[in-house]
1. Which residues, counting only those in the stretch B:81-115, are among the polar types (S, T, N, Q) and surrounded by fewer than 20 Cβ atoms within 10 Å (Cβ to Cβ)?
2. Restricting attention to the stretch B:81-115, which residues are part of a loop (DSSP other than H, G, I, E, B) and at pLDDT 95 or above?
3. Provide a single number: the residues in the stretch A:1-18 that are surrounded by fewer than 13 Cβ atoms within 10 Å (Cβ to Cβ) and either within 13 Å of chain B (Cβ to nearest Cβ) or within 16 Å of the chain's Cα centre (by Cα) (or both).
4. May I ask you to say which residue of A:Val91, A:Val99, A:Val85 is in contact with an Asp or Glu (Cβ under 6 Å, 6 or more places away or on another chain), within 13 Å of another protein chain (Cβ to nearest Cβ) and within 26 Å of B:Val5 (Cβ to Cβ)?
5. Restricting to the stretch A:23-46, name every residue that is without any contact (Cβ under 8 Å) to a residue 40 or more places away in the chain and touching a Pro at 6+ places or on another chain (Cβ under 8 Å).
6. Mind counting the residues in the stretch A:1-31 that are assigned to a loop (DSSP other than H, G, I, E, B) and of a type in the set (Val, Ile, Thr)?
7. Take the residues of the stretch B:63-115 that are within 14 Å of chain A (Cβ to nearest Cβ) and acidic (Asp, Glu): which is farthest from the chain's Cα centre (by Cα)?
Amino acid sequence: LAKTTQPISMDSYEGQEVNITCSHNNIATNDYITWYQQFPSQGPRFIIQGYKTKVTNEVASLFIPADRKSSTLSLPRVSLSDTAVYYCLVVMTGFQKLVFGTGTRLLVSP
Amino acid sequence: EAGVVQSPRYKIIEKKQPVAFWCNPISGHNTLYWYLQNLGQGPELLIRYENEEAVDDSQLPKDRFSAERLKGVDSTLKIQPAELGDSAVYLCASSLGSGEYNEQFFGPGTRLTVL
């Protein structure tokens, strides 16, 4: 399983764009990159998943360079409610085991 | 649509006592997972079910932990006897299928405190 490395914490202000980068140097050809969000006293919630280039949904964008050794989760115009822990995971094709790291604690201030 | 339901939300027991957690997945979800989450850490998979079959229980400490999903719907995770180190949040998740594209839906968890 590919190991992921992300910053332990990040601070931002309301209305700013936040980019959280995840390193996954030994990602395999068929692995997918997935991000989950977790609020206190709740289970993680799926945000976005991608394989290459760029994926965008209603809440975030995921940028993956050609070598796929890193990825960046982009949250546009964050609000206080985006304060949470964000996990980057690499999911093996055909293998449904999710391996969470320690995640990135994002604090959004007024 | 109801999400993943877990009960109880909180449980406090003394060490060496048994404890059980219950999970009802989203209707129609064949795959069910149990995770353990320690404070400040990400969740760690304990066991994964495809319908009623445990297809991955390699991380389940089988000397004291057991799980069942008899009818392929709801599931129970049991610890007997509990130890101080078992204090954690126990999360249940479900997904529609077993492929890597299927997002997992998590319940709120059961916070266990062992005294």
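The values are calculated or read from the model by the stated rules, or taken from the named source; none is laboratory data. No experiment lies behind these values; they were computed from the predicted model shown. Positions of Cβ are generated from backbone atoms using ideal geometry, with glycine treated the same way; all protein chains shown enter the neighbour counts. Protein only, heavy atoms only, side chains kept; ligands, DNA and RNA dropped before computing areas. Shrake-Rupley method; radii C 1.70, N 1.55, O 1.52, S 1.80 Å.
1. Of the residues in the stretch B:81-115, the ones among the polar types (S, T, N, Q) are B:87, B:94-95, B:98, B:102, B:104, B:110, B:113.
Of everything in the stretch B:81-115, those that are among the polar types (S, T, N, Q) and surrounded by fewer than 20 Cβ atoms within 10 Å (Cβ to Cβ) turn out to be B:Ser87, B:Ser98, B:Asn102, B:Thr113.
2. Taking the stretch B:81-115 first, the residues part of a loop (DSSP other than H, G, I, E, B) are B:81-83, B:87, B:96-104, B:107-109, B:115.
B:Pro81, B:Ala82, B:Glu83, B:Ser87, B:Gly107, B:Pro108, B:Gly109, B:Leu115 - these are the residues of the stretch B:81-115 that are part of a loop (DSSP other than H, G, I, E, B) and at pLDDT 95 or above.
3. Going through the stretch A:1-18 one residue at a time, the tally reaches 5.
4. Numbers: A:Val99 fails: in contact with an Asp or Glu (Cβ under 6 Å, 6 or more places away or on another chain); A:Val85 fails: in contact with an Asp or Glu (Cβ under 6 Å, 6 or more places away or on another chain).
None of the others qualify; the one that does is A:Val91.
5. A:Ser41, A:Gln42, A:Gly43
6. Just the residues of the stretch A:1-31 that are assigned to a loop (DSSP other than H, G, I, E, B), to begin with: A:1-4, A:6-8, A:14-17, A:24-31.
In the following step, the residues that additionally are of a type in the set (Val, Ile, Thr) were identified as A:4, A:8, A:27, A:29.
Total satisfying the criteria: 4.
7. It comes out as B:Glu100.
Let's see how each residue does on (1) β-branched (Val, Ile, Thr); (2) surrounded by 13 or more Cβ atoms within 10 Å (Cβ to Cβ); (3) on the phi > 0 side of the Ramachandran plot:
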| position | (1), (2), (3) |
| --- | --- |
| A:Tyr51 | no, yes, no |
| A:Thr56 | yes, yes, no |
| A:Val59 | yes, no, no |
| A:Pro65 | no, no, no |
| A:Val78 | yes, yes, no |
| A:Ser81 | no, no, no |
| A:Phe100 | no, yes, no |
